[in-house]
Each structure stands twice: as structure tokens, then as C-alpha cells.
Amino acid sequence: MAKLMPGRIRNDGIALYDAGKVKVKEVKDCLLYTLVADEELRYSLDDEVIFCSCSFFKSKQYCAHLAAVEHFLKTDVSGKSLLEKMEKSENDNQMTQARVTFGSRFLSKILRSESTEIRFQLYVSGEEDALAGKIFWTLRLRRLPDEKSYIVRDIKAFLNTVKKGNHYSIGRGYYEPLYFREFDIASQDLITYLWGLTAESTEFILQNQNRHLFFPASIFEDGINRLQNLVEFEYRKGYSNYEQLHFHDFGETAALLEVTVLEHPTFFELEIEEKEYDWLYDGEFISYQNQFFQLTQEQIQLLKVIRKLDLESDGKKRIQFALTEQNKLAVAILQLQKVGQVTAPESLKIHDFTVEFNLDLARDGLVEIETTFVYEKFRVKNREELASLPFASNFQHEQQVFDNLRQHSFIGEFSAYRPPVSPKEIYSFFHNTIPSLERMGVTNISEQLMELYHLERPNVKVKTEGGLLSIGFEFSGIDQTEIDDALEALFQDEDFYVSKAGKVIIFDEESKKISQTLQELRAKKTKDGIVETNRIAAFQLSELFKNQENVTFSEEFRHLAYDLTHPEDFAIVKPEVKAELRDYQEIGVKWFSMLSHYGFGGILADDMGLGKTLQTISFLSNKLENGKRALIIAPSSLIYNWSDEFAKFAPQLDTVVSYGLKPTRDELIAEDHQVVITSYASFRQDIAEYERFQFDFLILDEAQVMKNAQTKIARYLRSFKVKETYALSGTPIENNLSEIWSIFEIVLPGLLPAKNQFIKIPADRVSRYIKPFVLRRKKEDVLTELPDLIEVVQRNELADSQKTIYLAQLKQMQERVRTASDEELNRNKMEILSGLMRLRQICDTPYLFMEDYDGESGKLESLRSLLEQIHAGSHRVLIFSQFRGMLDIIEKELEKLEMTSFKITGSTPAKERQDMTTAFNEGEGDAFLISLKAGGVGLNLTGADTVILVDLWWNPAVEAQAIGRAHRMGQEQNVEVYRLITRGTIEEKIQELQESKKNLISTVLDGTESRGSLSVNDIREILGLS
């Protein structure tokens, strides 16, 4: 801080300070302006900037006035404070300067990269190593405009140097930086290509201590073509130099082999003349001059055989064959044409044929077969006729025909036979031997032989017997006492049954299909050809036996099958409800009534807002008489809604809500009301009390809560005894097919196979199983008068402070997932999902988990602007968020905008929810804040015409539930839905994931393909790692 000065001057300065002569005028830009004994003094931590107006300072660069100020800064309380501020300001300036300097260097690098001057070019020369069968390439570097080029002696080091922009030795002792941008286009393309090839390993591409390039066979042509794009390319072979190489597929046109077949009086002779080609990559390529030919595996094997033949003194290879080998030689010529030009006499040209088989049954039971080769002008039926042909027959084809006959136990060639076909061989003979012959040619079978083949299609009678279906089978041609044995064979997936009398009954494909379906339906064999299964299989059986003449149905079964497929025609008494049912709602009541008539259960899976509650109440109003009871279980948020709906539409029914403390609930249950409404949580605690009564109907609202079959509530409901069970859910499948299996195990146990078998069944077959027992209508199909739903995606950017936190969290997550196996990710999925949730919270605002965060939020800013527009337009809005903390923040924003609001979270009591819903629909409040999972079901909030989804959920079904709170029956205005999505974050990935999941509900309910819940691949996709 202090300048060097004599002690006498410093003491004079202290005296000035003690006399009160130091006065501070101002502090500005790290400078302290003072007045000392009437002299102006400017003080700075930088000695070069210090100035005093006295004459002594001008000559010495120090003075008593400066000493006085330094003493003031060192000892005075206010002086010390000023000094601290100046030092801090100076440090800040230095840091700023350092950043600016770094930024300046950064800009220099950026601007420097804009240079387009070409300063370097690569050349290449190649030479074949004949012993190794390889070609090695040498790279040369030229610095323009010099003509001289330099060998690149270490290609690996050269590539790394160019990548980093480092200095490289050009010539002896001269270094110069190499920048990728300063190479010509062809050189850049080659360098980029080599970077890619050497990214993992250089072992196969760079050889001889990285001095030479070598391209393996798989990239040989591609690599050479890139080299040929360079300004200068040279390939040296022997005494010849080539500036261009050409690639071709190998074949007859290559003209590297000439094959001549000579016919002598007692033998044939094959004469082969080869040009001097080079054998590369163990035959995958051969080269001749500057031509390169790529061979197939078949061509490689042919040439290997030819190359082993001895070379005679005239430079040719020769081999002789007997005249009896004519047909074999003719076939060999076809092979030789694949590698060279062949000249052969006309007698060796191959003529192919078609085949005719004629089969008959001899008196002694032998099966005889006559084989005919049919040529263009000849029919050959024996070896003598074959030998006398004026041309060569296709020997390979001949062998294939005779080999096939031998494989199927025939003895002989043109005229052959096989031993008698035993009863157990009949199926194999007609289903394996005959088709094999038919694939080779025309096959004629005599009537006597065909009589061995008896295809059986049993007569089937289907009727209802109480709660069961009885399916009776009758087989013609076998004794009644053997019917059970024949049926057992069919159910054991046998292809045939041999009776005690030796008669073979072959089951047709339709019979096998019937057997397979009955086994899937868990049908049980009884006796006398009777099979029984549950009556719930009526629909599948009616579909299975549709339009089959050998099947007859009892009148009762016909009615059952018709009702299951035509519930709209089922006759009912008009429900005693105070509402005018729409057409589709009346069909819903008929569907309920039809299932009830036959003692079935089902799932009403209508879209949200179509009045599932009203349809259920209408059905129960017709059924609850003569002491019958109904138990309705719903999420706690909806129980009072049910109570209100009963009071509104069916006040004549005796209804009670069992809710509150346990003693209160027990008392209400004991009062034995017609309709008891309770929550899932209360039912779990009160199941013993409910089991004391016999309930006729069990209604499960928002039944997707039971999608996990392992939960306690699902186990309790499966064990609860009740006559009929119905589930209500707009989304019975949210993630995977096992969810609907869990619901049906409660609603209609026995309909679906065991879970381990069910998960293997394709979605379209599941759809056929459940079709009559699921009623699903979509809004757009039945409510044409419903106002429009307008969906808008409103994107926002991360604020800078948000982005820093987001990128740090994202990087940490990516590194964790990138290095983990699928097994590790599945094991730690909860931890991974927690990390993803943290990223989603940051997209809302880091304040959700960082209480000291005081930065901006791009989403809150976007939401604030949107709310201002909504308020100005006198609209009323539902605001959904997964995070309760976000709802609290938005609530404060609404207060600032003078907008009144209600709020529902998971902890809001059911009665309060209903009161708030009623108040809002009657016009009270501007906004309704709702936790996405807590308020996404059951609520009727048609008082709103705008919905804002602040943060996205993995599953679109959950969001659809939320939107359905406003866009439902009773809504009279268009509904606008705003999805707030932060650009460049996982929220955009979640939106893509939602699209892939939208198909799942319609998959099974409408019969298409399914998709599972959030998978390892989904996680990688969301994090941008796939």
C-alpha cells in the first residue's frame, strides 16, 4: 500500500492527520479523491496513478500529504473501511480483466477459424506386397505453394496433430501449425474418414509403426476411392505406375480365365488358361493391372481348386474326364462360367427338365411311384432313354429328385416303390412325403392310395347348462366307446388317432384350432366326448364356431352369444332417474343389464366426461329392489360426488357415505343401507364389517387404482364375495397389459388365463377375450355437440441461472446412465427416476429444492404472462402441477395478479374438495390449483374454460384425465389447454415419450399393439443418450 519515503516525511504526514487536515471528497472507479492541507490528492492502489498538486510531489513522487492519507487508511476506522472497498473493487476489476482477456483469446480462435485459405494438400502412393497379398499406402504432405512434398512418417501422430491444431515437423527442423480447415476438401474428407477408422484402435488400419495405411477387405474399395479423390494418386505395380484404379464384380466378363472343353473319341479334356493376376485378401479380391475384382465365396472356392492344378510347360492347365462323366461335366461347366469364359461342344450344354410323379397302391400294399423327366421335346422314363439324349441333362437336378425319393423310403429311381404305409405313418406320408414331391413337380395320386387318407372334422354341439357351457364332440367312423380317446388325442395336439380297428382319423386344421382355443379357455373334458367351460367363454366360442356347418348351437346359447355382441338390443325397463339419458348412455345401461342378466361383470371404460356415474346409477335404480344392496368404492376425493349424484338423479335410493372415524363407519355400515359409498382406504380397514352382509353389486370407480395385482387392496377385493362386480375407468390401461389382467381378476375371475400365460398373449387376442365385457366409447364418437378442445404448446427458455443448474444436473445424470448396464439401471431405477424428477423441478424453478435460489425462472415468467392474458379476458382456469411447492408459488403469483383461487392437493379432505368444486362451478374464484395426481380423476370442473399443465407427466393418460375435468358433459364453452414446455430440456423428450404411449389404451380396448411403462431405453432417450 505505502510508497517508500523518508521517515521525516512520514512523520510530517502523521502530524497533518492528527491535526485533522485529511478530508475525503469522493471514491470513484477505485480512486480516492482527498483534500489534505488545501492540496488536492488522488490516491490509488496502483502507484502509477497517485497524484498530489503540491510541488514537492512533482519532483519526488511522494510527499507529506500522501503520507497523511496512507496513515488515515491504515489507522482510521473510516479509512480502513474505504481501503477494504478499494481492494475489493480492485480484485473484481482484475478478475473481470482476466475474463475479458480469456474472452478475447476465445474470439481470436473463433475468428481465426473463419480463414478459408488452402495451405496444405495430401498425396498418396501405394505398392503391393506380393508375399503378404496386401497393398500398403504412403501419405505425403505438401505445403502450398511449394512443389516439394514430405512423407508422413507417423500417420497416427499426424492425425492427432491436425485434430488439435498443434505444430508439426515439415522437413528437417521446421515446425508449423496444422489446422484442419487449411487442407483442401479431398484431404479433409480423407482425414475425417481416418479419424473415424482409428477412433477405437489403429491396429488394423495403420501398420509398420504407423508409417503405412492398410485397408481391410471390408473397406478396401471405399478406402481406395477416397484416396483417388486426392490431387495426386499413384499405385505402383511391378514396373507399371497407375493414376487410377477400377473396381468390378468378378465373373466371365473379367476375361482372366479361358476354359476350353475338348471332346476326344474316348474322353473329355478341360483346358484352362489363366492371366497373371494377383491374389489379395485370401481371394476376396484379385487384381490385374489397374483392375480390381471382388469375388463371392463360391468364386473363391472355385478359383482355389483351379489354382492347385499343375501348370504344364505351355502355361496351361489340363484335366481329363471319362465320357460317362458327360452330365457331371456339363454341370461343372455351369460353375466354371462363374469365373471365366468357357468354350464347350454342343453336347455339353445343359438342358433342364420338369418332373411328373404318378403314385399308386399295389395289391400287396406297396406304394409305387413312376417318375418322368419332361424336356422340351422328350419324355424320359428310364436310364436308357436318359443316356440316349442328344444333349446333357441337368445332373444336379437328377440327383435332387432321386435323393428325395430315397429320403422318403422309396427304393429305385424312375420306377420305385416303398413298403406299405402303416396306420401310424399315414399322416406323415400325406403331410410330409406328398408335399415334398409336390414341391419338385406335378404329383398324381390314385384313388386307391387316397382312400388311406381320411380327414376328420367332428360334429360339435354347444349348449348352456347352468353357469357352464357344454361342448359335445362326435367322430364318425369310430365306435362311441373310443370318442374320449380320440378327443384326448386331439387335446394332446396329436395329428391323428388310430382306432382299435386300425382306422386312421386325421384331424383337420380347424379341429386343431378348436382344441387349442378350448384349452386356452381352461375347458375340462368330462366323458362321452363332452367338454365343459365357464359361460363367460360364450363370445369366444361363438366367434370360433362362426359359419361352421358341423357345429350346432342350443337356442339358449344363441341368445347368450347374440346378447354379448348386441347389448344395444337388450330389453330393459326405463330407469327411474331424474335425467334424460343420451342414446349412448342408454346403451350403457343396457350393457350393464345384459351382463347382470347372465351373472357377468365388466368394465365401463368410456372416455372421461361421458357420464359413467349417471349410467351406473341408472342401472342400479332398476336393480336395487327386494332387499338388494350395492357397495360403491371410489377414491376419497370422489365419494361425496357419488353421494351428490345419487341425491340428484335417484333420490329414492337409500344411500350413505361411510367415511370418517372407524367407529362412525362401523355404525353406518351396520345400518344396512341400499347403497354404501366408501373409499378404497376405508374399505381396506372395514372389510370384516362388509363381509357380514351379502352385497349384490360391487362398483369400483377409477378402477385403475387396482392395476397392480400385488397391492393389499387388490388382494382384498379378489377375496371379497359379491354376486356381480363392475369397474369404471376411463384409463383401465395406463402402461401395460398386466393392468387390465389385474382388474379382470376382480371383475370377472376366470375370463383371462393365468398371468404367466397372459403376458405372452398378443394384444389383438387379448382384445378378443375381453371384447363383450368392456364397453368403451370415445368423446369424439358420441358427443358431436361437445365444444372444441384447443391444445396449445407454449414453450419457454431456461433463465441463465436456471440453465447452469440444469446442465450440471443433466451432465451428472448422463454420466451415471451412460456407464451403467441395463441390469444396473433397472436395479437403481428409483434413484434414476428421482434424478429425472429433479431435472423436471429445475425446469419449473430450482427454488423447489434450493431454498436459497433467488434467480429467474423462464417457466414462471411464461406462466405469469399467460395468466395476465387469461385474467384480462375474464377466463377461468384450472392449473395442474405435479409439485405441491410449485402450486404454492403459483398461488402467490395469482395473489399479485389479484386473482382468487382454490387449491386441491393430496392432503385436501374429500368433503372440502366437493365444496370447493361446487363453489367453483357456481362462479366463485378465478383459478383452481390442482395437484396432477391428486385431482386428475373424478372432479367435475366445467366452470373453467382454460387448463394449464405446468409440468408434463410421463403418462398422457394422467394428463387426459386432468383435461377431462373441464372438457366434459355440461361444458358449454370451447376449452383451451396450454402445455408449458421448456425448450431444450427433458420436457421435450417427455412430450415425445407421451406420443408413443398414447396408443396403449386403444391397443387392447380397440385391438392394436401395446407398450410398457418407462423403460431403460426410455430413460436413455430422455437423457439424450440414444
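A compact table of results
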item: Cα-centred dipole magnitude for segment 237-342, charges only on beta-carbon of K, R (+1) and D, E (-1), debye, nearest 20; result: 180 debye
item: Estimated inter-spin distance, His248 and Met830, nm [label 7 Å along Cα→Cβ]; result: 7.0 nm
item: Cross-link pairs beyond the 20 Å C-alpha cut-off, checked among Lys723/Lys760; Lys28/Lys85; Lys424/Lys503; Lys275/Lys317; Lys424/Lys512; result: Lys723/Lys760
item: Quotient of C-alpha Rg and 2.2 N^0.38 Å, computed over segment 572-782; result: 0.98
item: Kirkwood Rh, Cα atoms: Rg over Rh of segment 120-244; result: 0.94
item: Placed amide H near Val657: partners under 5 Å, 5+ positions off or other chain; result: Ile677
item: ³J(HN,Hα) computed for each position of segment 79-93 - Karplus, 6.51 cos²θ - 1.76 cosθ + 1.60, integer Hz, glycine/proline x; result: x, 4, 4, 4, 5, 4, 5, 5, 5, 5, 4, 5, 4, 4, 5
item: Relative packing of 622-628, 191-197, which averages over residues the other C-beta atoms within 10 Å, highest first; result: 191-197, 622-628
item: Packing-based order for 326-337, 834-845, using average beta carbon neighbours within 10 Å, highest first; result: 834-845, 326-337
item: Cα gyration tensor shape for the chain, rounded if a/c is under 1.5, else prolate or oblate; result: oblate
item: Rg/Rh (Cα only; Kirkwood hydrodynamic radius) as it applies to segment 397-462; result: 1.07
item: Descending semi-axes in Å of segment 789-1022, equivalent ellipsoid built from Cα gyration tensor; result: 30, 23, 15
item: Segment 455-564 - Rg over Rh from alpha carbon coordinates, Kirkwood radius; result: 0.96
item: Where labels lie 7 Å past Cα in the beta-carbon direction, separation of Glu568 and Asp222 in nm; result: 5.9 nm
item: Peptides 34-42, 409-417 ordered by average Cβ neighbours within 10 Å, highest first; result: 34-42, 409-417
item: Signed unit charges on C-beta, dipole axis of the chain, positive-most listed residue Ala538, Asn444, Thr946; result: Thr946
item: Among the listed pairs Lys546/Lys590; Lys527/Lys590; Lys546/Lys707; Lys463/Lys721; Lys338/Lys377; Lys612/Lys911, those beyond 31 Å (Cα-Cα); result: Lys527/Lys590; Lys546/Lys707
item: Size of charge dipole - the chain - debye, nearest 20, with Cβ of Lys, Arg +1 and Asp, Glu -1, no other charges; result: 3340 debye
item: Furthest towards positive pole of dipole, Ser515, Val261, Leu620, structure part the chain, Cβ charges; result: Leu620
item: Cβ-placed point charges (K, R +1; D, E -1), dipole of segment 120-244 about Cα centre in debye, nearest 20; result: 420 debye
item: FRET efficiency, 1/(1 + (r/R0)^6) with R0 30 Å, evaluated for Thr260 and Ala387 via beta carbons; result: 0.75
item: Long-range HN-HN contacts of Asn796 with modeled amide H, under 5 Å; result: Ile981, Thr982, Arg983
item: Segment 608-635 residues near the modelled Asp781 label - backbone nitrogen below 20 Å, point 7 Å along Cα→Cβ; result: 608-616
item: Calculated FRET efficiency for the pair Thr354/Arg318, C-beta based, R₀ 51 Å, to 0.05; result: 0.90
item: Calculated from backbone phi, Karplus (6.51, -1.76, 1.60) coupling profile of segment 525-534 in Hz, x at Gly/Pro; result: 7, 10, 8, 6, x, 9, 10, 10, 8, 5
item: Computed E for Ser719/Gln757 - FRET, C-beta separation, R0 22 angstrom, nearest 0.05; result: 0.50
item: Phi-based couplings in Hz for segment 713-720 (Karplus 6.51, -1.76, 1.60; Gly and Pro marked x); result: 4, 5, 5, 4, 5, 5, 8, 6
item: Computed lengthening from Arg236 to Gln516, 0.36 nm per intervening residue step minus Cα-Cα distance; result: 93.7 nm
item: Amide H contacts of His212 (H built 1.01 Å from N, under 5 Å, at least 5 apart or other chain); result: Gln207
item: Local electrostatic count at Glu868 - Lys and Arg +1, Asp and Glu -1, tallied over other residues with Cβ under 14 Å; result: -3
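No lab work stands behind these numbers, since they all come straight from the coordinates. Note that the structure is a prediction, hence the values are computed from the model and not measured. Because the Cβ atoms are built from the backbone with ideal geometry, glycine has one as well, and the counts that use them run over all protein chains shown.
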